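The next block holds one structure in the form of structure tokens; read it before the comments.
The values are calculated or read from the model by the stated rules, or taken from the named source; none is laboratory data. Predicted model only: the values in this text are computed from it and were never measured. In this analysis, Cβ positions are derived from the backbone assuming ideal geometry, glycine residues included, and neighbour counts consider all displayed protein chains. The area values use the complete protein model at the heavy-atom level, side chains included, leaving out ligands, DNA and RNA. Shrake-Rupley method; radii C 1.70, N 1.55, O 1.52, S 1.80 Å.
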Amino acid sequence: MTRSLFVMITGKPNAGKSTLLNALLGEKIAIVSAKPQTTRNNITGILTEGEDQIVFIDTPGLHRPKTLLGEYMMKSVGNASEGADVIMFVTEAGKKLTVAERDALKKYSAGDNLLFLIINKVDTCDKGRLAEYIGDIANEYDFDCVIPISAMKKDGTDIVLKELKKHLVESPHFFPDDVMTDQPEKQIFAEIIREKALRLLSDEIPHGVAVVIEELKDENDVIRVRAEIFCERESHKGIIIGKNGEMLKKIGSYAREDAEELFGAKVYMDLWVKIKENWRDSRAQLSNFGYNNEE
Ligand SMILES: Nc1nc2c(ncn2[C@@H]2O[C@H](COP(=O)(O)OP(=O)(O)OP(=O)(O)O)[C@@H](O)[C@H]2O)c(=O)[nH]1
Ligand SMILES: [Mg+2]
């Protein structure tokens, strides 16, 4: 008898949702950065253990959209919540709830889904403040389960899995048992490159960065990738390339290291930087960059 469960991971930007997904799977399939709005697409992560399969959907952080890209991201969140048996709402320990968090909590406490409160980053919060925080939030909303964790330290993530497993339902598996994510190879490469850009570039530039894989050749354990990094301004292009091309080299070599580890193959990366003004507000461009809910 096989069992399945669909679990959505939601919460505000930077709460640690993608870090949690990676911790639960024991493999890094979602990119992570200290900058908010890192995740732009729903990312499916699949954990199969014998007869049991848990399907996690990591989503973009809840915020009020200011661009069409933001609208796409929030629509993705809405889509993910539709089929979810469990909604894992990730908050930051000790932090005041945002309006977007409150709106979502209200909606999800009234839905058919189970609602788990996952209080993340307990490593940054003292015990007294944490107890007060849990008291306040648990009083205000109706949770089926409240679990304080540190996703970064993998502290408490075993309890999350234990609690989720109580709700598995008899059903066929929706994904093959040996698959861990639904992201195509090209998307994984594009995301790895975008993560390095997010980490290495400062402030507003990363929010205007999109990565497209133009070519991917996989021959005898050697993967050759040609990628285009899009940004919004000439000045940003200069910064991404850097003095004597050093920044671009750094982005490429960090991305290569990660990709080689993930795919267990030698990787060659050829990166190009291009400008596409205001792409975040162009429906056609969003679609070209893979941000399209209509597919
Ligand atoms: N101290 C601490 N930092 C954490 C923890 N979990 C995640 N972080 C950090 O928080 C930042 C955001 O993590 P992400 O996993 O990218 O957060 P997210 O919720 O997916 O963010 P978006 O995709 O932008 O919505 C990163 O710098 C993580 O390293 C934790 O348990 N403790
Ligand atoms: Mg994320």
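Quick notes
- Apportionment of accessible area to carbon and sulfur, the range 185-288, percent (1.4 Å): 43 percent
- Note that the range 185-288 carries a Kirkwood radius of 13.9 Å, evaluated over its alpha carbons pair by pair.
- Mean residue ellipticity (222 nm) of the chain, computed from DSSP H runs ≥ 4 via -39,500 (n - 2.57), nearest 500: -11000 deg cm²/dmol
- Residues R129 and E260, FRET efficiency given R0 of 30 Å [Cβ-Cβ distance, rounded to 0.05]: 0.10
- When nucleic acids and ligands are ignored and a 1.4 Å probe is applied, W279 ends up with an accessible area of around 0 Å².
- FRET E, pair N139, K165, Förster distance 25 Å, beta-carbon r, rounded to 0.05: 0.35
- Ligands, DNA and RNA are left out, and with a 1.4 angstrom probe the accessible area of the range 130-253 is 54 Å² per residue.
- Members of K17/K274; K35/K237; K17/K106; K12/K250; K35/K153; K217/K274 lying beyond 25 Å, as alpha-carbon distances in this model show: K17/K274; K12/K250
- Scattering curve values for the range 24-159, log₁₀ I(q)/I(0), Debye with Cα scatterers, q = 0.09, 0.16, 0.17 Å⁻¹: -0.28, -0.94, -1.08
- A simple count of charges around E214, restricted to other residues whose Cβ falls under 13 Å of its Cβ and scoring Lys, Arg +1 and Asp, Glu -1, yields +2.
- Among 223-230, 254-261, 169-176, sorting by the average number of other beta carbon atoms lying within 10 angstrom of each residue, highest first, gives 223-230, 254-261, 169-176.
- Alpha-carbon Debye profile of the chain, log10 I(q)/I(0) at 0.14, 0.16 Å⁻¹: -1.08, -1.33
- Between the listed residues M247, V225, L198, the Cα displaced farthest toward the positive end of the dipole of the chain, a dipole computed from Cβ unit charges relative to the Cα centre, is found at M247.
- Burial order of peptide ranges 144-155, 281-292, 82-93 (average beta-carbon count within 10 Å, highest first): 82-93, 144-155, 281-292
- Counted by Cβ distance under 11 Å from A23, the other residues give a net charge of +1, where Lys and Arg count +1 and Asp and Glu count -1.
- Accessible-area composition of the range 1-150, carbon plus sulfur, in percent [1.4 Å probe]: 50 percent
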